[in-house]
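Have a look at the structure below, then the notes.
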Amino acid sequence: MGYDALVASERWWGAASILLALLTVLVFIPGLSDEFTWDDNGLIRTNENIQRPERYGEALTSHFWNVSSDATQANEAYNHLYRPLVTFAYIVQFRLFGLHAAGYRLVSLALHVFCCALAFFWLRRRIPPGEALRPLLAVSLGATVFALHPSRAEAVSWISGSTELWMCALVLLAALAFDSNRSWLAGVLLAFALFAKESAIVAAPLLLADRFLLQGRRERSASIALVAPVVVALLARLWVVDVAPVSY
């Protein structure tokens, strides 16, 4: 491909990514209300653990639903959720926005747009080169489905749903790092993703399966580098939510 054709191609890819971001914002911006709903109330509006600095330590070293409102602690299954990365995000956002829910939702929307951009560029790496138009259409379609799928509405519009957004961003960053042979960085990112939402645990096996089964590459050192930080994060999580005493 000549230089001029390459520049023109990059311009098309850039235009497609910008269009995807604008479309995502237009679809989700009506959800930027300034009211807390459902679980947002217990996690933020009435949660003194993220509002008072002297309680930050407890908030970050106990389970996700160790909040100051007793009404949100009825389900003991919640005691096994440990998401300190999201708790820390809530602390920072409370310092910035206080009890103005629109600020939190704006952060969630920005996170979702970031995830869509990561998905777009990751898919571009996965699609084999071909005619100029086909890879662009395939990647744009896949990223658009990811961006606008109805399952994204709760993650973006509910502040409590930001757990999925933080996890998704970190998993996609890990996937890009792993594809670039930065296995340790990918493993650390997956460990942090696990501290955002538990379902991140499936990412490491899927990345390894992709490399071993689809690409036919068996690299023991890369596998250890990817998995080791995740194992450390799992052990830390099990110690906090299953062994360490929890204050109520």
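No lab work stands behind these numbers, since they all come straight from the coordinates. Computed from a prediction, not measured in an experiment: that's the story for all the values here. Note: ideal-geometry Cβ built from the backbone for every residue, glycine included; neighbour counts use all protein chains shown.
What is the extension gain from Val202 to Leu234, computed as 0.36 nm multiplied by their sequence separation minus the C-alpha to C-alpha distance, in nm to one decimal?
Gain on extension, Val202 to Leu234, equals 10.3 nm.
Name the shape class, rounded, prolate or oblate, that the alpha-carbon gyration tensor gives for the stretch 128-206, where a ≥ b ≥ c are the square roots of its eigenvalues, rounded holds for a/c under 1.5, and otherwise prolate holds if a/b is larger than b/c and oblate otherwise.
Because a/c hits 1.5 or more and a/b fails to exceed b/c, the stretch 128-206 counts as oblate.
For the stretch 94-239, rounded, prolate or oblate, judged on the Cα gyration tensor with a ≥ b ≥ c (square roots of eigenvalues), a/c < 1.5 rounded, else prolate if a/b > b/c?
oblate
What order, most packed first, do the peptides 102-112, 25-35 have when packing is the mean number of other Cβ atoms within 10 Å of each residue?
102-112, 25-35
Could you list the GluC sites (Glu not before Pro) in the stretch 105-186 that lie in coil according to DSSP, counting only those with at most 11 other Cβ atoms within 10 Å of their Cβ?
Passing sites in the stretch 105-186 are Glu131.
Say R0 is 35 Å: what FRET efficiency, to the nearest 0.05, do Glu219 and Ala15 get from their beta-carbon distance?
About 0.45, to the nearest 0.05.
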